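Novice: The following block contains the structure, expressed as structure tokens.
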Protein chains: 2
Amino acid sequence: MGLADQEGIEALSMRKLAHALDVVPMALYRHVKDKDELLDGMLDVVVGEIDPPRSNVEWKTAIRERILSARRALLRHPWASRVMESRTEPTPTVLGYMDSMIGMFRSGGFTMDLTHHAMHVMGSRLMGFSQELFNDRSDVDPDLEMETYAAMADTYPSIYELALTVSHDDSSVVGTGCDDQFEFEFGLDLVLDGLERLKDAD
Amino acid sequence: MGLADQEGIEALSMRKLAHALDVVPMALYRHVKDKDELLDGMLDVVVGEIDPPRSNVEWKTAIRERILSARRALLRHPWASRVMESRTEPTPTVLGYMDSMIGMFRSGGFTMDLTHHAMHVMGSRLMGFSQELFNDRSDVDPDLEMETYAAMADTYPSIYELALTVSHDDSSVVGTGCDDQFEFEFGLDLVLDGLERLKDAD
DNA sequence: GAGAGTACGTGTACGGCGTACACTTGTCAA
DNA sequence: TTGACAAGTGTACGCCGTACACGTACTCTC
């Protein structure tokens, strides 16, 4: 996980990991069945970092807090969401997390049906991230970025307009001006509020 | 794309593609810079299959329809969402699609700010899919699947309970009983309704 | 019609990857 | 002392993307 945190997930090959451990690649296979099992294990550690839910608070607060905790865990390991997306089968650890999450909805008064839909709606947000179309990594020079936007003005007028507005709103001079944490919570609350309305409509 | 549709995206290597085209692998590099450019091109075709928005309808209908069209395009090419997730930079085609989507919100009366948040909230749903924790491929025997669930009853009681309910609700005898299309539209409408409330609150 | 440019395909090769299989080595209980 | 067992080793295979140098055939100009 240290290697993935520092060098990026694409740098994590069985060979490089073995080298980092001063060991021959095949030695790893005494400990994991294959690379997938290694990745599953890494994810389990990340999921294990998610705080347990607080009790004696209403469902919305409890779920909100837990999901934000999941998000913090994922932000600590930038590779985790990408790996998570690539997994096709959940590990027991993840199943346990989902089970507990379902329980939180249920004990919050959700019908089984609405809980089901809720889990679907939450989607990857349950794990502390939400699939964006593209990760706007801001590892580019902000000035240059604005130039890029300016060059797009004719071709993509709406994107340009949006970029302008967002930048001006930002307290800093320029830059992407896009607060990921805010956007995440905005979406989370939108969904949770919507679910609450549906629940109370019953 | 035919090869990816039929054999799965993991079977699409430059070598296999070349073989399918009765050509030597390096010949492909006369047409694409590298494999990423090939994948980008494939996605562009998929995005091109999305119907243009209908005009003279309210924003919510227009956006809803367009996203469902995007979803149909993606369902035609099961590999597309996975590849989309893996992309890090949008192509001009995708930028165009996003630009048009932003425009739809704007002309629907959204402030620039709310449009910005809206785009984030929609996330991957904009492209016709939404990131699920795990794709419950139902390529397993339904009976066996229920057995699996039953075995999980003690360890994951909430998942078991949910699986039971969902199965019983289903009109068919058993099976996953999970209508992906319904769940997608459920989530889409939840989000769109929430956005509408925020828009009108201004 | 000759030559040059260009579009396209070829062949070989390199360095990476995951991992199957057969092997040694170190440790410790009986 | 022995023998089981956990851990690490070495070699090898078949895949992958793709750099680089080399054909080959068509087209366009003089």
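The values are calculated or read from the model by the stated rules, or taken from the named source; none is laboratory data. Being a predicted model, the structure only gives us computed values, none of them experimental. Neighbour counts are summed over all protein chains in view; Cβ atoms, including those assigned to glycine, are modelled from backbone coordinates with ideal geometry.
Novice: Out of (1) within 16 Å of DNA strand C (Cβ to nearest atom); (2) of a type in the set (S, T, N, Q); (3) part of a helix (DSSP H, G or I), what's the single condition that is false for A:Thr61?
Specialist: Condition not satisfied by A:Thr61: (1).
Novice: Assess whether A:Gly96 counts as being modelled with pLDDT of 95 or more and in a helix (DSSP H, G or I). Walk me through how you get there before you give the answer.
Specialist: On the way: modelled with pLDDT of 95 or more: no; in a helix (DSSP H, G or I): yes.
No.
Novice: Every residue in segment A:76-111 that is touching a residue at least 12 places away in the same chain (Cβ under 8 Å) and either more than 14 Å from every other protein chain (Cβ to nearest Cβ) or among the β-branched types (Val, Ile, Thr) (or both), please.
Specialist: A:Arg76, A:His77, A:Val83, A:Thr91, A:Thr93, A:Val94, A:Ile102, A:Gly109, A:Thr111
Novice: Condition first: loosely packed, with under 15 Cβ neighbours inside 10 Å and either over 13 Å from the mean Cα position of the chain (by Cα) or among the basic types (Lys, Arg) (or both). Can you find one or more residues in segment B:92-100 that meet it?
Specialist: Yes, because at least one residue in segment B:92-100 is loosely packed, with under 15 Cβ neighbours inside 10 Å and either over 13 Å from the mean Cα position of the chain (by Cα) or among the basic types (Lys, Arg) (or both).
Novice: All but one of (1) more than 16 Å from B:Gly123 (Cα to Cα); (2) free of Cβ contacts under 8 Å to residues at least 24 places away in the same chain; (3) touching a helix residue (DSSP H, G or I) at 6+ places or on another chain (Cβ under 9 Å); (4) not acidic (Asp, Glu) hold for B:Pro53, so report the exception by its number.
Specialist: Every condition holds for B:Pro53 apart from (2).
Novice: Now, a different point. Is one or more of the residues making up segment B:139-146 surrounded by 13 or more Cβ atoms within 10 Å (Cβ to Cβ), at pLDDT 85 or above, out of contact with any Ser or Thr (no Cβ under 6 Å at 6 or more places or on another chain) and acidic (Asp, Glu)?
Specialist: Within segment B:139-146, the subset surrounded by 13 or more Cβ atoms within 10 Å (Cβ to Cβ) is B:142, B:145-146.
Narrowing further to those that are at pLDDT 85 or above: none.
No.
Novice: Next question. So which residues in segment B:20-55 are among the charged types (D, E, K, R) and surrounded by 13 or more Cβ atoms within 10 Å (Cβ to Cβ)?
Specialist: B:Lys35, B:Asp36, B:Glu37, B:Asp40, B:Asp44, B:Glu49
Novice: Another question about this same structure. Could you pull out the residue among A:Glu58, A:Glu37 that is more than 14 Å from every other protein chain (Cβ to nearest Cβ), at pLDDT 95 or above, over 15 Å from the mean Cα position of the chain (by Cα) and under 25 Å from A:Leu195 (Cα atoms)?
Specialist: A:Glu58
Novice: Just to be sure, is B:Arg66 at the interface with chain A (Cβ under 7 Å from one of its Cβ atoms), buried (at least 16 other Cβ atoms within 10 Å of the Cβ), without any contact (Cβ under 8 Å) to a residue 40 or more places away in the chain and in a helix (DSSP H, G or I)?
Specialist: So B:Arg66 fails the test.
Novice: Take the residues in segment A:182-201 that are among the small types (Gly, Ala, Ser) and buried (at least 20 other Cβ atoms within 10 Å of the Cβ), then tell me which one is farthest from B:Met122 (Cα to Cα).
Specialist: Step by step, filter segment A:182-201, then rank; the result is A:Gly194.
Novice: Return yes when A:Leu17 is within 16 Å of DNA strand D (Cβ to nearest atom), buried (at least 16 other Cβ atoms within 10 Å of the Cβ) and either more than 22 Å from A:Gln181 (Cβ to Cβ) or at pLDDT below 95 (or both) and no when it is not. I'd like the intermediate steps shown before the answer.
Specialist: Details: within 16 Å of DNA strand D (Cβ to nearest atom): yes; buried (at least 16 other Cβ atoms within 10 Å of the Cβ): yes; either more than 22 Å from A:Gln181 (Cβ to Cβ) or at pLDDT below 95 (or both): yes.
Yes: the conditions hold for A:Leu17.
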